[in-house]
Structures are given as C-alpha cells and as structure tokens.
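Trainee: Shown below is the structure under consideration.
Laboratory data are not the source of any read-out in this text; all were calculated from the coordinates shown. Computed from a predicted model, the values in this text were never measured in an experiment. Here the Cβ positions follow ideal geometry from the backbone for every residue, glycine too, while neighbour counts run over all protein chains shown.
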Amino acid sequence: DTGVSQNPRHKITKRGQNVTFRCDPISEHNRLYWYRQTLGQGPEFLTYFQNEAQLEKSRLLSDRFSAERPKGSFSTLEIQRTEQGDSAMYLCASSLALPRDNEQFFGPGTRLTVL
Amino acid sequence: GNSVTQMEGPVTLSEEAFLTINCTYTATGYPSLFWYVQYPGEGLQLLLKATKADDKGSNKGFEATYRKETTSFHLEKGSVQVSDSAVYFCALSGGSSNTGKLIFGQGTTLQVKP
C-alpha cells in the first residue's frame, strides 16, 4: 500500500509528557501538511512543508509544538509538556505541488489522549 | 480570513431520498472548493472538487457546483444509500494563498436509514 501512513495510531499520555508522531507521505509527494481535528469539528491546519522547508505555521501551533521533515520525506510532529487541551486527532496529508494536481491524500491519523 | 460554513447536522434521511448539504465560503481571490468524506473508522477521502466558478464536481452520484455569485458549493445527491452514511466536510484552498492548505467547515453527519 502506497498511501499516507501515520504512527502511532493511538497515544495516551499524562499531562506534562512529551509525545512525537510520525507521518510517511506518498513517496513522490513534495508537500506535506499537518492538521488537528477535535471531536465534532473539521480539521484545522497546523503547518506545511514543501520538501524539507517548513513554509507556513498556523497561530494554533504554540511554542510547545515543533515539526520537522529533515530529508523531505517523512515528518515528525512533537508536542512538549502536553496539556489536556492537546487531546485531538492529528492528521497528516501529502500532495504534489502542481497547480492542476494538488489533491491532498490523508493518513488515518494519530489519536492523542492527554490524561 | 478565509472560512467555510456548513449546515449543521445530523441529517437523517431514508434510503433513496434527495440529499442537499449546504456550504458557503468566504475567501479572497479565487479558491478551489472541495468536499471530503469520512466514513466510520476511516480517514478523510476526497469526494469531489471544483477549481473555478461554474465548475461542477461529481463523483459516486454526488454533485456540487461552484457558485461565485452566492459563494456556495452545496453538495447534492439524487438518491442516497445506507452506504453514504458518513461525515461530509466542505473545504477550500488557494485564493490569496498558494500553499494548498485546506480550510474545512465543521462537518455534517449524514445518517441514511433503510
């Protein structure tokens, strides 16, 4: 299967702990996006990479959040000193950067629960 | 900033009924518009899209027309099936931004009863 994969699928942690999620995009896709989805809401944009460059970050992304895509392939999203309000589904998506072919393909998400 | 507003759910229909889910948007420039679907236990999937005014996107019997004059992109299906039960998200990208990031509505849950 060559779709977008995310690991882990579920993460339960205690408040104050650090967590890291991984996203593996579709191999030929140069754009990678992170979104956060809380219950009953649509996904909200967090950040975006084109190749290894992080080109945009949402104001939702506090200083406790950091994302990397070191070789322009997989990406990691780290949350430091987690808070209960960080509990959400974290979605990754990838796409090409072509004006006529930029459909985003989503991974299954990582569900974070902060106790 | 750019935003998307969808009709609130849940929407409950009987099989073979006509479906409309309203979606309106606010955006600068000329955004692309999308409908994504999330089936129970699955990830988001693109259902259809339209990239310019008056374009009609269609897939699996669903249709939506990009109406710039009313800033709308309503989703319709003539005859729903139980298997269409899912959460539907309207979204936009582009306009004044070229990053491709998606801005989603809050989602509308559709339940189709046999």
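Trainee: Run through the range B:1-102 and list the chymotrypsin sites (Phe, Trp or Tyr not before Pro) located in a DSSP loop whose Cβ has at most 15 other Cβ atoms within 10 Å. Before the final figure, lay out the partial values.
Mentor: Numbers: sites: B:Phe18, B:Tyr25, B:Phe34, B:Trp35, B:Tyr36, B:Phe62, B:Tyr66, B:Phe73, B:Tyr88, B:Phe89; in loops: B:Phe18, B:Tyr66, B:Phe73.
Loop-located and lightly packed - B:Phe18.
Trainee: Over all directions, how big on average is the projection of the convex hull of the alpha-carbon atoms in the range A:1-94, in square nanometres? Could you put the intermediate results ahead of the total?
Mentor: On the way: hull surface 24.1 nm².
Projected area, direction-averaged: 6.0 nm².
Trainee: Report the local net charge at B:Gln81: Lys and Arg +1, Asp and Glu -1, summed over other residues whose C-beta lies under 12 Å from its C-beta. Intermediate results must be reported in sequence, preceding the final value.
Mentor: Values: positive: B:Lys60, B:Lys77, B:Lys113; negative: B:Glu15, B:Glu16, B:Asp84.
Value of the local net charge: 0.
Trainee: Dipole size in debye (nearest 20) for chain A around its Cα centre, Lys and Arg Cβ +1, Asp and Glu Cβ -1? All intermediate terms of the calculation are to be shown ahead of the outcome.
Mentor: Values: 15 positive and 13 negative charges, 88 e Å.
Result for chain A is approximately 420 debye, rounded to the nearest 20.
Trainee: Now for a separate question. If you average the alpha carbon positions of the range A:66-88 and of the range B:57-114, how far apart do those two centres end up, in angstrom?
Mentor: If you average the Cα positions of each part, the centres end up 29 Å apart.
Trainee: Dipole magnitude of the protein assembly as shown about its Cα centre, charges +1 at Lys/Arg Cβ and -1 at Asp/Glu Cβ only, in debye to the nearest 20? Walk me through the numbers on the way to the answer.
Mentor: Numbers: 24 positive and 23 negative charges, 119 e Å.
So the magnitude is around 580 debye.
Trainee: Taking chain B as a Gaussian network, Cα atoms linked when under 10 Å apart, which of B:Asn22, B:Asn59, B:Asn98 shows the biggest mean-square fluctuation?
Mentor: B:Asn98
Trainee: Calculate how many DSSP beta bridges within the protein assembly as shown are antiparallel, expressed in % of all such bridges and rounded to the nearest 5. Could you put the intermediate results ahead of the total?
Mentor: Details: 70 of 78 bridges.
Taking every DSSP beta bridge with both residues in the protein assembly as shown, the antiparallel ones total about 90 percent.
Trainee: Further, regarding this structure: Which three semi-axes in whole Å describe the equivalent ellipsoid of chain B, each the square root of 5 times a Cα gyration tensor eigenvalue, listed largest first? Numbers along the way, then the final one.
Mentor: On the way: eigenvalues 118, 39, 27 Å².
So the three semi-axes of chain B are 24, 14, 12 Å.
Trainee: Using the Kirkwood radius over C-alpha pairs as Rh, can you work out the diffusion coefficient of the protein assembly as shown via Stokes-Einstein at 20 °C, viscosity 1.002 mPa s, in µm² per second? Present the calculation step by step, with values, prior to reporting the outcome.
Mentor: Details: Rh = 18.2 Å.
Value of D from the Cα-based Kirkwood radius: 118 µm²/s.
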